[in-house]
Each structure stands twice: as C-alpha cells, then as structure tokens.
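See structure below.
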Amino acid sequence: MPLKVLIADDEPPARWRLRSLLEAARDDTGRPLAEVVAEAADAHEALQRIGQGGIELALLDIQMPGPSGLALAAELQALPEAPLWVFVPAHGEHALAAFELQALDYLTTP
C-alpha cells in the first residue's frame, strides 16, 4: 500500500516536481511507493487537509504565504495523530530549526 503524501508549497512548479518524483518511485514489482493525495499552497490549507485524515507524510516548504512551514510543523506536533513531516525547501538555512521540530528529514530541492 503506497504511503499517503501531502505536498505543501506555494510554488506550483515545485509541487509538480515533487509529485512527479514521488509518482516515479516504485518497488521491485512496479507498485508505487507513494501516492500524493493532497496538495496545499500554504500552511492553513495544509493543516486543514491534514485534519481531514489519511495523510501519512507531509512534505513541507518553509517559506510560504502566511505561517511558515516551521510554524505548521509546530502545530502538527500538537496533533494526536499527526503525519510525519519532511521539509523540502530550496535552501538549507533552516535545517537546525526543522530538526528541533522533530522533522523526519530536511531535503533541499533544486
């Protein structure tokens, strides 16, 4: 069963690139490893979608309109059934803060 993923990034090309990479990830038998079940352009939209359930992993940009991805992760920590989260920003300057918020990983995107 593929991992249910949310992509939260304010830039549509970044969401498209992450989606295409996830859709290309397959196991040895050709089954998908992940399924993008939701996308969000800001932290408010991401939190709303996560609150509906069914998200196992959230890929979060850091700099988005409104609350940042870091602020979103802080809110996720308070949820009883929060998904895991990985930060996927363009720069590495927030890595320490991300791991202080219990990020699973921090991957800079091209």
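The values are calculated or read from the model by the stated rules, or taken from the named source; none is laboratory data. Remember, it's a predicted structure, so these values are computed and weren't measured experimentally. For accessibility, only protein heavy atoms count, side chains too; no ligands or nucleic acids. Shrake-Rupley method; radii C 1.70, N 1.55, O 1.52, S 1.80 Å.
Note the full-extension length gain between Q77 and R17 as 0.36 nm times their separation in residues minus their Cα-Cα distance, in nm to one decimal. Walk me through the intermediate numbers first.
Numbers: separation 60, 0.36 × 60 = 21.60 nm, distance 2.69 nm.
My answer for the length gained is 18.9 nm.
Using only the heavy atoms of the protein chains and a 1.4 Å probe, how would E75, E39 rank by accessible area, largest first?
Result of the area sort, largest leading: E75, E39.
Leaving ligands, DNA and RNA out of it, rank R26, R19 by accessible area with a 1.4 Å probe, largest first. Write out the running numbers ahead of the final one.
Details: R26 120, R19 65 Å².
The ordering from most to least exposed comes out as R26, R19.
Using a probe of 1.4 angstrom, how much of the accessible area of the chain is carbon and sulfur, in percent?
56 percent
Per-residue ellipticity at 222 nm for the chain, helices alone: DSSP H runs ≥ 4 residues times -39500 (n - 2.57), over residue total, nearest 500 deg cm²/dmol? Write down the numbers at each step before the final one.
On the way: 4 runs with 37 residues, N = 110.
Dividing the helical sum by the residues of the chain leaves -9500 deg cm²/dmol.
Using the Kirkwood formula over every pair of different C-alpha atoms, what hydrodynamic radius in Å results for the chain?
Kirkwood radius, the chain: 13.9 Å.
When only C-alpha pairs under 8 Å and at least 6 residues apart count, what is the relative contact order of region 1-100, in percent?
28 percent
What is the gain in length, in nm to one decimal, between Q48 and Q63 on full extension, counting 0.36 nm per residue of separation less the C-alpha to C-alpha distance?
3.6 nm
Just for the chain, what percent of DSSP beta bridges are antiparallel, to the closest 5?
Given both bridge residues lie in the chain, the antiparallel proportion sits at roughly 5 percent.
Could you give the accessible area per residue of the chain, probe 1.4 Å, as a whole number in Å²?
With all protein chains present, the chain gives 57 Å² per residue.
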